[in-house]
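Worksheet: one structure, shown below.
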Amino acid sequence: MSALAAIPTTVESERNDVAHLVGDVERLEMIFDGWDETARGAARAYGLAIEALNGEALRRLVAALKHDPAALAAMKSAVADDVVYAVMRRHGIIKPSLTERVEAALDGIRPMLASHGGDVELVAVTPPAIEVRFTGSCDGCPASALTFHAGVKKAVEEACPEITDILQVKGLATASAPNGDTVRFVSPFALASGGQWHYAAKIADIPEAGIKAMILDGEKLLLSRRGSIVTCFQNACAHLGLALDDGEIENGVITCPYHGFRYDLSSGECLTAPSVQLQPHAVRVVGTRVEVRLQK
Ligand code: FES
């Protein structure tokens, strides 16, 4: 237990920095993990006892203040703070929000959806209605209407009786481009990259479940498409840098025509040598246009 002496403790000026406080907890937990079971049990019990004491103090504080309208209003306002909310929730002093209850209900049916290769996403909570969207193989599946009524609707209505309308949103998430066009898909890489968006192709120019090779601003690119989801990679195999566009495509996987490296076109992940991948470029679909932001 002398390892405790090595813990860099949070200095006074950082006491209110949540990241540092969480870091202290994580460092302590790593040390506890190295202890034997008896010592770990004692540390756990000590932590729970302190937590129970804090929880009781918070409950008494709330009980003492809640009859004062001004104090009650101040407490409600304080709960808007993420840390206050998390601690109060942990101690059961405030009830889960409607969104949390809906998410918990959806979590309950996710294993069933996952067994069919799908998932469900909560799009909006606007009591008495919520909007959900099926993703993965549930999206567009002929059985999804049945799944929706039998699974999602039942689970949500049981957990949240105040929700009476459950609407299924079709298709992918949408957002608006600055010029007002609808952006149908934005690559997950887009936020992490800078630079300009360049027009690359019309979405219809990329065959469904296929690829289109092209040169943009001197870069050899490989666009691939599944529905409205477009990905863009450097057209260069991670093995010897040769072009991939003559490769065979099957079930979203392209095989390099030269030495057989296989790549998942949705992520660029190399299935043959998982330590390498295709170089991705950020891509978005605006209306019917596919735009690419090159990572140079
Ligand atoms: S160049 Fe692609 S596998 Fe060798």
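The values are calculated or read from the model by the stated rules, or taken from the named source; none is laboratory data. The structure presented is a predicted model; accordingly, all values stated were derived computationally and were not measured. Glycine gets a Cβ as well: all are built from the backbone with ideal geometry, and neighbour counts include every protein chain shown.
Going by what's in this entry, would VAL102 be described as closer than 30 Å to VAL22 by Cβ, within 18 Å of the chain's Cα centre (by Cα) and modelled with pLDDT of 80 or more? For VAL102, the condition - closer than 30 Å to VAL22 by Cβ, within 18 Å of the chain's Cα centre (by Cα) and modelled with pLDDT of 80 or more - is met.
The set of residues in the stretch 52-96 being hydroxyl-bearing (Ser, Thr, Tyr) and surrounded by 13 or more Cβ atoms within 10 Å (Cβ to Cβ) consists of TYR85 alone. Could you grab me the full set of residues in the stretch 16-38 that are at pLDDT below 75 and either among the aromatic types (Phe, Trp, Tyr) or more than 30 Å from the chain's Cα centre (by Cα) (or both)? None - no residue of the stretch 16-38 is at pLDDT below 75 and either among the aromatic types (Phe, Trp, Tyr) or more than 30 Å from the chain's Cα centre (by Cα) (or both), so the list stays empty. Within the stretch 68-90, the set of residues being modelled with pLDDT under 90 and either charged (D, E, K, R) or not in a helix (DSSP H, G or I) (or both) comprises LYS76, VAL79, ALA80, ASP81, ASP82, ARG89, ARG90. Checking PRO274, PRO280 one by one, the residue that is within 28 Å of GLY195 (Cβ to Cβ) and surrounded by fewer than 21 Cβ atoms within 10 Å (Cβ to Cβ) is PRO280 and no other. Beta carbons closer than 8 Å, at least 6 apart along the sequence or on distinct chains, pair a first residue in the stretch 227-243 that is within 28 Å of GLY287 (Cα to Cα) with a second that is acidic (Asp, Glu) and surrounded by 14 or more Cβ atoms within 10 Å (Cβ to Cβ) for GLN234/GLU219; ASN235/ASP245. Answer yes if at least one residue in the stretch 244-260 is modelled with pLDDT of 90 or more, in the same structural domain as VAL285 (by TED's automatic domain parsing) and closer than 14 Å to GLN279 by Cα, and no otherwise. Taking every residue of the stretch 244-260 in turn, at least one turns out to be modelled with pLDDT of 90 or more, in the same structural domain as VAL285 (by TED's automatic domain parsing) and closer than 14 Å to GLN279 by Cα.
Take LEU265 and tell me if it is more than 8 Å from the ligand (Cβ to nearest atom) and touching a residue at least 24 places away in the same chain (Cβ under 8 Å). Against the criterion (more than 8 Å from the ligand (Cβ to nearest atom) and touching a residue at least 24 places away in the same chain (Cβ under 8 Å)), LEU265 qualifies. Inside the stretch 208-253, residues that are within 16 Å of the ligand (Cβ to nearest atom) and surrounded by 14 or more Cβ atoms within 10 Å (Cβ to Cβ) make up a count of 17.
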